[in-house]
Amino acid sequence: MAVTIPDIQRRALTGPVMEEDDFNLEYSKRLRKIVKGYEIAWPKEQIIPDGATADKIFQAAVDLIAENGLFHMDTKRVVQFTREEVIETAATRRADLTLGEGKDAVVLRKRTPTSPNAPAVFGFPGIVTEDMVIPITLSHAIEPTCQGIQPAILQHAWGMDNKGGTPGELYVVVAESEYHRMVARIAGKPGMTFMEPDSATTPFATIASFMMRGYTTTGSHMPCHVFGDLKLSWERLNLAAFAQLCGIPTWNGVFVILGAYARNPAEQAVAQLSGLLGLLSYTHGHDCINSGSDLQGQWSGRENLRATAAIDLALERNLDVAVGNHIEGNAGACTEMVFYEIAAQVLTYAASGIEFYWGAGPSKGVTPNGSTGMETRMMGETAHAVAGIGPDRANELLNKVLGLYEGQLADAPKGKIFPECYDVTTVKPTAEYLQVFGKAKEQLSQLGIAFKY
């Protein structure tokens, strides 16, 4: 029988009592023991593991969540799952999901590493100021390959600062939804999907963003993440409960940091996948998001790619959910390096069988007004170029692409912000940025990525 929200609440109130530090210690020891027991390892030059390794990662993740459970940070109890519940979760997911409305609806269908259809592409404006939210978001939305938007993170709106738990947060997230729906109409894509409310940090504002003036049950997700290192709270569980009551798709993510309790890609893959299995058991979601971020906040390094590819492939082979990956670069906009970083991530994940991308943020996604539609252009054009390429060819190309930027990750070029890269009035890239894009694309073409346009 499927796990329900009431089941999780009861377990959060009656499960074994444990201090958080003790949970962390037991979790890390158990993770290392399980990974070692399954002998999970693959060469550093092989970014995407083979199928047998991916299957071992999945089985190890089942073991971890069944033995470890999730730590409830409010009750200091462990929410436990049976192996049968975890296996049922894996067996009962749906292989497709429709997002958006009308002609702009996107159907996320099951892909494999050799599927010829490209994963869906969703742009991401990043952190923005209110005066820039429309032009920056529009620069992504008008790209031909862009099928939806991960909303901008607004710092302020309608005369209010975005401070968690205040009316300001509420105003800002409702403003976010109104600005984005306005952009969709301007771009000629009025029914496009917006992946989740992004300016809200607390449940009350997140829930309020689905009001009459906000997002719709077909046009967005409810964020229901499990916190890093397998932890949940009443806040996250309340969001999952509200989503189920209202028929809102759940945005299912677990972000285990590479280099912390998970010391390497094998451990990160097992830990993150185990958290997803626990989360999906009660959200009953049909898509999930994945990442391989580390203590440096980067996503495009070799170990980041190896960890994320392993999770993607394990999911593709063992679970019928639509898998999406976030993409970011260390380098800033208007640099060749950021395009190489984006291309490496797109190539890795397409050849691991994912269904959608969202990104691609320059400067680790932390520079206000630092994102532009040109990064989405590279993401989309690369996605269409590498679909169906398969893991063997992808691994060969990836080592070449990594060679273009791997040595610069610790000191990536700062780049520029949107008003320096685009004409804000016409929302067109500058001649300089088009030239930088052309040079990067030519270099990637010479390495073997066959762009279609």
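The values are calculated or read from the model by the stated rules, or taken from the named source; none is laboratory data. Just so it is clear, the model here is predicted, and its values are computed rather than measured. With ideal geometry, Cβ positions are generated from the backbone for all residues, glycine too; neighbour counts draw on all protein chains shown.
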_Residue ID - farthest from Ile207 (Cα to Cα), chosen from residues in the range 165-184 that are among the charged types (D, E, K, R) and crowded, with 22+ Cβ neighbours inside 10 Å_ = Glu176
*First in the range 96-115 and basic (Lys, Arg), second anywhere and modelled with pLDDT under 95, Cβ under 6 Å, 6 or more apart*: Arg109/Asp96; Lys110/Ala95
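Yes/no matrix, rows are residues, columns are (1) outside any helix (DSSP H, G or I); (2) under 21 Å from the mean Cα position of the chain (by Cα); (3) over 19 Å from Gly126 (Cβ atoms):
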{"site": "Arg306", "(1), (2), (3)": "no, yes, yes"}
{"site": "Leu315", "(1), (2), (3)": "no, yes, yes"}
{"site": "Phe339", "(1), (2), (3)": "no, yes, no"}
{"site": "Tyr349", "(1), (2), (3)": "no, yes, yes"}
{"site": "Thr367", "(1), (2), (3)": "yes, yes, no"}
{"site": "Leu404", "(1), (2), (3)": "no, no, yes"}
{"site": "Ala410", "(1), (2), (3)": "no, no, yes"}
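Considering only residues of the range 92-143 that are of a type in the set (Lys, Arg) and out of contact with any Leu (no Cβ under 7 Å at 6 or more places or on another chain), which is farthest from Gly388 (Cα to Cα)?
Residues of the range 92-143 that are of a type in the set (Lys, Arg), as a first pass: 93-94, 103, 109-111.
Next cut, out of contact with any Leu (no Cβ under 7 Å at 6 or more places or on another chain) only: 94, 103, 109-111.
Values: Arg94: 22, Lys103: 26, Arg109: 15, Lys110: 13, Arg111: 10 Å.
That would be Lys103.
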*Mind listing just one residue for me: the one in the range 280-300 that is within 24 Å of Lys110 (Cα to Cα) and among the aliphatic types (A, V, I, L, M) and, of those, surrounded by the fewest Cβ atoms within 10 Å (Cβ to Cβ)?*
Ile289
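Can you list the strands (runs of 3 or more DSSP E) found entirely within the range 50-139 that contain at least 1 residues being under 19 Å from the mean Cα position of the chain (by Cα) and surrounded by fewer than 20 Cβ atoms within 10 Å (Cβ to Cβ)? Show your work before the answer.
Working: elements: 70-72, 77-79, 97-99, 106-108, 120-123.
Qualifying strands (runs of 3 or more DSSP E): 97-99, 106-108.
Tell me which residues, restricted to the range 331-355, are farther than 17 Å from Thr308 by Cα and in contact with a helix residue (DSSP H, G or I) (Cβ under 6 Å, 6 or more places away or on another chain). Working first, answer last.
Taking the range 331-355 as the starting set, the residues that turn out to be farther than 17 Å from Thr308 by Cα are 331-340.
Ala331, Gly332, Ala333, Cys334, Glu336, Met337, Phe339, Tyr340 - these are the residues of the range 331-355 that are farther than 17 Å from Thr308 by Cα and in contact with a helix residue (DSSP H, G or I) (Cβ under 6 Å, 6 or more places away or on another chain).
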*Hey, does the range 273-288 have a residue that's farther than 23 Å from Asn68 by Cβ, touching a residue at least 12 places away in the same chain (Cβ under 8 Å) and not polar (S, T, N, Q)?*
yes
*Restricting attention to the range 175-195, does a residue exist that is of a type in the set (Phe, Trp, Tyr) and touching a Gly at 6+ places or on another chain (Cβ under 7 Å)?*
yes
